Amino acid sequence: MFQRLLQIVKLTIAVVVMVMMVTVGVLVLYLPNGQDKPIADTSPSKPTPTTWVAQPAWAPKDVNSDLPDGSESDQVRYGYALITETYKHLGPELDNPQQIYAGNNLACKNCHLESGTKAGAASFVGVFQRFPQFRGREGKTGTIADRINGCMERSMNGQRLADNSPEMQSMVAYMQWLSEDVPEEAKDRYQGFASINLPNRAADTLAGKNIYEQRCAICHSDDGLGQRVGEAGDQRGYVYPPLWGADSYNHGAGMNRLIKAAHFIKGNMPLGSTAERPLLTDEEAYDVAAYVDAHSRPLKKNTKLDYPDLSLKPVDAPYGPYRDTFPAVQHQFGPFPPIMSYYETLKETYEP
Ligand code: HEC
Ligand code: HEC
């Protein structure tokens with residue numbers, strides 16, 4: 001009798017432990033900021049069925065729980081603040097004009113989601129080791145600071161930060177910290193955006209408008225201008241950022257390229273989408289991206305100087321000059337495969 005009872009108790013414990021482990025596994029897999037912590041309390045006396053429980057997926061570090069105290073961490077912490085609350089530290093509503101570097105009230109993390117740690121949202125996890133890097137837009141090799149300034153001048157519609165400014169150095173320090181000890185197999189997952197099968201047709205902005213109204217307007221507003229935390233002028237940024245208009249990214253930004261925007265949207269929008277579990281089809285992402293980017297936004301100066309070697313210009317760069325004779329509207333709305341194959345052929349015969 002006692003033996004039976006003991007057996008039942010043991011069995012119950014085993015089941016409870018298994019359920020707990022599976023739950024932890026699932027949480028770690030699906031919660032964006034889930035940490036790769038060892039599974040709690042597995043003392044040897046308890047049965048631990050490790051053989052069939054999936055190993056928790058690797059997860060990036062989190063400033064709020066993984067950054068040690070101490071002055072060395074302060075720089076990383078400031079970098080994190082700059083990326084999550086850019087409007088508060090560099091934004092156009094600051095009282096001191098000397099501190100204003102961003103031309104809009106966005107935050108870096110509006111596009112680099114989850115403080116730059118979300119897979120499929122051009123995360124900063126592993127980014128540090130990818131620089132210096134040759135960039136076609138500038139036509140030369142650039143540092144990670146140059147790349148950040150690319151987003152400052154375009155996505156943030158602002159100005160370059162000096163390489164040796166505390167702000168630049170802190171953002172780089174945060175990215176370097178996130179990029180430490182990233183396992184080889186996680187690197188691809190955390191780089192860039194999801195991709196889509198590109199439809200071989202021009203994007204349909206009318207279809208895009210319908211998708212926008214049904215799937216996006218609830219957060220980004222009917223007028224696309226987003227929803228502020230408080231009021232204009234309060235330096236508190238947005239709950240839901242604007243997608244066009246005066247306070248959005250400018251026309252030279254990566255997000256203003258249709259294919260790039262479709263890739264971002266596919267893996268991230270509506271909010272809750274992930275690269276592994278998107279909520280839109282490829283066609284929907286393509287059409288709604290076209291609708292978003294068809295709206296007016298600030299103009300970047302000197303875009304003529306971009307891509308000094310025009311054969312490296314992305315097919316969806318929505319501004320000329322181009323090294324081909326496809327109409328400008330096709331570079332903006334597609335169909336892109338014909339332009340792509342033109343450049344493929346060019347590459348085969350091209351001599352720089
Ligand atoms: C549930 C609310 C919600 C819905 C629905 C939603 N978004 Fe967003 N979107 C956000 C939030 C919040 C961010 C900023 C992310 C962050 O800061 O964590 C964002 C960011 C963006 C950005 C990049 C930042 C910017 O301002 O340009 C784009 C582009 C975007 N969304 C497009 C879309 C599109 C297109 C749809 C519909 C298919 C959509 N969103 C649906 C909440 C939403
Ligand atoms: C409106 C959206 C948007 C905002 C806001 C934004 N970026 Fe970006 N950023 C992009 C896009 C798009 C890319 C290109 C991603 C790609 O092609 O994989 C990018 C790329 C980058 C990269 C290179 C990533 C890599 O894997 O090579 C860095 C670093 C970066 N951004 C930093 C920043 C910083 C810092 C801020 C804030 C000061 C910022 N970005 C704000 C859209 C944005």
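By the gyration tensor of its Cα atoms, with a ≥ b ≥ c the square roots of the eigenvalues, what is the shape of the range 54-124: rounded for a/c under 1.5, prolate for a/b over b/c, or oblate? Working shown, then result.
On the way: a/c = 4.19, a/b = 1.60, b/c = 2.61.
Taking the square roots of the gyration eigenvalues as a ≥ b ≥ c, the range 54-124 is oblate.
Backbone phi angles across the range 286-301, fed through the Karplus curve with coefficients 6.51, -1.76 and 1.60 (θ = phi - 60°), yield HN-Hα couplings of 5, 6, 6, 4, 5, 4, 4, 6, 6, 7, 7, 7, x, 9, 6, 7 Hz in residue order; Gly and Pro are listed as x.
Fewest Cβ neighbours within 10 Å first, please rank Asp181, Asp74, Asp306 accordingly.
Details: Asp181 7, Asp74 13, Asp306 18.
Listed from fewest to most nearby Cβ atoms, that is Asp181, Asp74, Asp306.
Available extension along the chain between Glu344 and Glu185 is 54.2 nm, counting 0.36 nm per residue and deducting the alpha carbon span.
Sort His263, His251, His295, His112 by Cβ crowding within 10 Å, fewest neighbours at the top.
Numbers: His263 25, His251 18, His295 15, His112 21.
Taking fewest neighbouring Cβ atoms as first place, the list is His295, His251, His112, His263.
At the listed q of 0.16, 0.22 Å⁻¹, the Debye profile of the range 205-309, built from one uniform point per Cα, gives log10 I(q)/I(0) equal to -0.73, -1.19. What the pair-distance distribution of the range 68-217 shows, using all Cα-Cα distances binned every 5 Å from zero, is 2, 9, 14, 19, 19, 15, 10, 7, 4, 1, 0, 0 percent.
Rounded to 0.05, the FRET efficiency of the Asn96 and Lys301 pair, given R0 = 41 Å and the Cβ-Cβ distance, is 0.95. Across the range 268-273, coupling constants 3J(HN,Hα) worked out from phi with the 6.51/-1.76/1.60 Karplus curve, θ = phi - 60°, read 9, 10, x, 3, x, 5 Hz, and Gly and Pro carry x.
Across the range 138-211, Cα-Cα pairs more than 21 Å apart make up 53 percent of the total.
A cut-off of 5 Å between modelled amide H atoms, ignoring neighbours fewer than 5 places along the same chain, links Tyr240 with Gln227. The Rg/Rh ratio for the range 310-351, using Cα coordinates for both the radius of gyration and the Kirkwood hydrodynamic radius, is 0.94. Mean sequence separation of contacting Cα pairs (under 8 Å, at least six apart), scaled by the length of the range 205-309, corresponds to a relative contact order of 30 percent.
Read-outs: derived from the displayed coordinates by stated rules, not from any lab. It should be emphasised that the depicted structure is a prediction, and the values quoted were computed from it without experimental measurement. With ideal geometry, Cβ positions are generated from the backbone for all residues, glycine too; neighbour counts draw on all protein chains shown.
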